[in-house]
1. Given the Cα-Cα distance of residue 190 and residue 99 and 0.36 nm per residue of separation, how much length would full extension add, in nm?
2. Could you let me know the centre-to-centre spacing of the stretch 199-232 and the stretch 251-293, using Cα atoms, in angstrom?
3. May I ask what percent, to the nearest 5, of DSSP beta bridges between residues of the stretch 89-210 are antiparallel?
4. Working out 0.36 nm times the residue gap between residue 4 and residue 198, then minus their Cα-Cα distance, what length gain in nm do you get to one decimal?
5. In 10 Å bins starting at zero, report the fraction of Cα pairs in the stretch 104-212 per bin as a rounded %.
6. Could you tell me whether the stretch 142-293 comes out rounded, prolate or oblate from its Cα gyration tensor? Rule is a ≥ b ≥ c as square roots of the eigenvalues, rounded for a/c under 1.5, then prolate if a/b exceeds b/c, otherwise oblate.
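What follows draws every value from the coordinates through simple rules; no lab data is involved. If you're wondering where the values come from, they're calculated on a predicted model, not measured in any experiment.
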């Protein structure tokens, strides 16, 4: 992926040197489900932290567990931090892409902040741990990432390469776009009125749409700035495949439970990312109207 020399965003907040660091991790509830949750939660992309913490902590609200220490004010990442610079360049690219697309629709894109943290962090959605993976919090319009997640993406899930990492960031920005378009609010309201199984189905459609929106970013960023190199698409597909619900559940416990899927199968995630990448059209990402995902 061609990213070096690109514009860096001014919207990256670095909390890694502040308080809110490591001591908040807590054990996963035992039994067979614990193994599944470790696998799934480690790659959870974009789900509300309070929902996951309820699972990890035995059902209690997110505020009932160990608290994060007082966080120091956010700072700009060090100029010589290559990993942070990569995140900043990708974020800037999403800003440019979505600002242009919103302008075409006679709307203004409100850029989100991206927070770098280590170990644990406090967001407007509650306290969150690194084990949850990157997430977007609509309460403060911020994306949260512990950069150690990218090491796990490469080493544990065999999805190396800069574009695989960029796909993860673009997916979270996709959730921000859903929030700005009012989709997230409507889905959240509906979730409160349906069963757990139907809730999961709505979650799958939300996540697949975010994958499609990530593909839209890649389509337009490559068309205007030629960011893609040989092998980049395959890297993103490998990342999408690695985090499919069926793949994670099969690896964790040897079988799958489709009714418990929250993000979609590997095939579905690849298909919707590819749909956005090939079309570049937001209208092609209406997972809620699709009969077959």
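1. Result for the pair: 29.9 nm of gain on full extension.
2. The two parts, judged by their Cα centres, are 11 Å apart.
3. 65
4. So the extension gain works out to 65.5 nm.
5. Result returned by the calculation: 13, 39, 37, 11, 0.
6. Oblate.
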